[in-house]
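Working notes, structure below.
The values are calculated or read from the model by the stated rules, or taken from the named source; none is laboratory data. This is a predicted model, so every value here is computed, not measured. Cβ atoms come from the backbone with ideal geometry, glycine included; neighbour counts cover every protein chain shown. All accessible areas refer to the heavy atoms of the entire protein, side chains included, with ligands and DNA or RNA removed. Shrake-Rupley method; radii C 1.70, N 1.55, O 1.52, S 1.80 Å.
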Amino acid sequence: GAVVSQHPSRVICKSGTSVKIECRSLDFQATTMFWYRQFPKQSLMLMATSNEGSKATYEQGVEKDKFLINHASLTLSTLTVTSAHPEDSSFYICSARGGVNPATNEKLFFGSGTQLSVL
Amino acid sequence: AQKITQTQPGMFVQEKEAVTLDCTYDTSDQSYGLFWYKQPSSGEMIFLIYQGSYDEQNATEGRYSLNFQKARKSANLVISASQLGDSAMYFCAMREGAYNQGGKLIFGQGTELSVKP
């Protein structure tokens, strides 16, 4: 089945530094990827939709200069948290639609997530 | 207004029994998709089952079935023969519009399922 790889799984950084999270579709081409944020015991909140070769579409209330998204190829999207602060500490998870296979293309497959802790 | 509502923050079920997790949705689109995902403590999101708005039959995937009642706008997940490994958070999600028109998912608040031995 479709596999999405996300790295790193956990990162601890100092306040003011930037952190990059990668999301790769391993066995299919993903023209669209999605980035979500999740606080403990809460739902997933969509941050932005990432389209290959174009600018990301951010949800209302998400700072695009804070959360930089790049979708440079059909298999890779990156989320960079710039000048991270403790309030940015959260679980970030990406997802991608499952390629052109009719058996999977209506489904979204998720990476394993990244736990970001900003000290 | 909430697009996806899961009214059960937590549920308990005895091992080997069946359990139903509730989900209601709100949309004016004719074409949409409904999903259930399982999230264990490790954090990964595991796809369980999908129901398209035009699918006339309820979706089934092994021990999982989706009780789709379109007129009531509900999409309840039924897990048969619960196992200890089923203990996790369960999220209902909806995609408004056809999958090739964007495809972003909106998630419900989640239900934490605990299976008792």
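Number of residues in segment B:13-33 that are over 14 Å from residue B:110 (Cα atoms) and touching a residue at least 12 places away in the same chain (Cβ under 8 Å) equals 14. The residue list B:66, B:105, B:113, B:77 contains one member that is open to solvent by less than 30 Å² (accessible area, probe 1.4 Å), in contact (Cβ under 8 Å) with a residue 12 or more places away in the chain and more than 14 Å from chain A (Cβ to nearest Cβ), which is B:77. Of all residues in segment B:7-46, those satisfying the criterion of being more than 22 Å from residue B:84 (Cα to Cα) and touching a Gly at 6+ places or on another chain (Cβ under 7 Å) are B:23, B:29, B:31, B:32, B:33. Out of all the residues in segment B:45-55, is one or more in contact (Cβ under 8 Å) with a residue 40 or more places away in the chain and either away from chain A (no Cβ under 13 Å) or in a loop (DSSP other than H, G, I, E, B) (or both)? Yes - at least one qualifying residue is present in segment B:45-55.
Listed here are the residues, each with its yes/no results for (1) surrounded by fewer than 22 Cβ atoms within 10 Å (Cβ to Cβ); (2) more than 9 Å from chain B (Cβ to nearest Cβ); (3) at pLDDT below 95.
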site	(1), (2), (3)
A:84	no, yes, no
A:90	yes, yes, no
A:100	yes, yes, yes
A:103	yes, yes, yes
A:106	yes, no, yes
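In segment A:1-44, the residue that is farthest from residue A:61 (Cα to Cα) out of those that are of a type in the set (D, E, K, R) and surrounded by fewer than 18 Cβ atoms within 10 Å (Cβ to Cβ) is A:27. Every test in (1) more than 13 Å from every other protein chain (Cβ to nearest Cβ); (2) under 30 Å from residue B:6 (Cα atoms); (3) in a loop (DSSP other than H, G, I, E, B); (4) open to solvent by less than 70 Å² (accessible area, probe 1.4 Å) is passed by residue A:79 save one, and that test is (3).
A quick yes/no check of all residues on (1) part of a loop (DSSP other than H, G, I, E, B); (2) within 14 Å of chain B (Cβ to nearest Cβ); (3) more than 27 Å from residue B:89 (Cα to Cα); (4) acidic (Asp, Glu):
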residue	(1), (2), (3), (4)
A:12	no, no, no, no
A:16	yes, no, yes, no
A:23	no, yes, no, no
A:35	no, yes, no, no
A:41	yes, yes, no, no
A:45	no, yes, no, no
A:50	no, yes, no, no
A:55	yes, no, yes, no
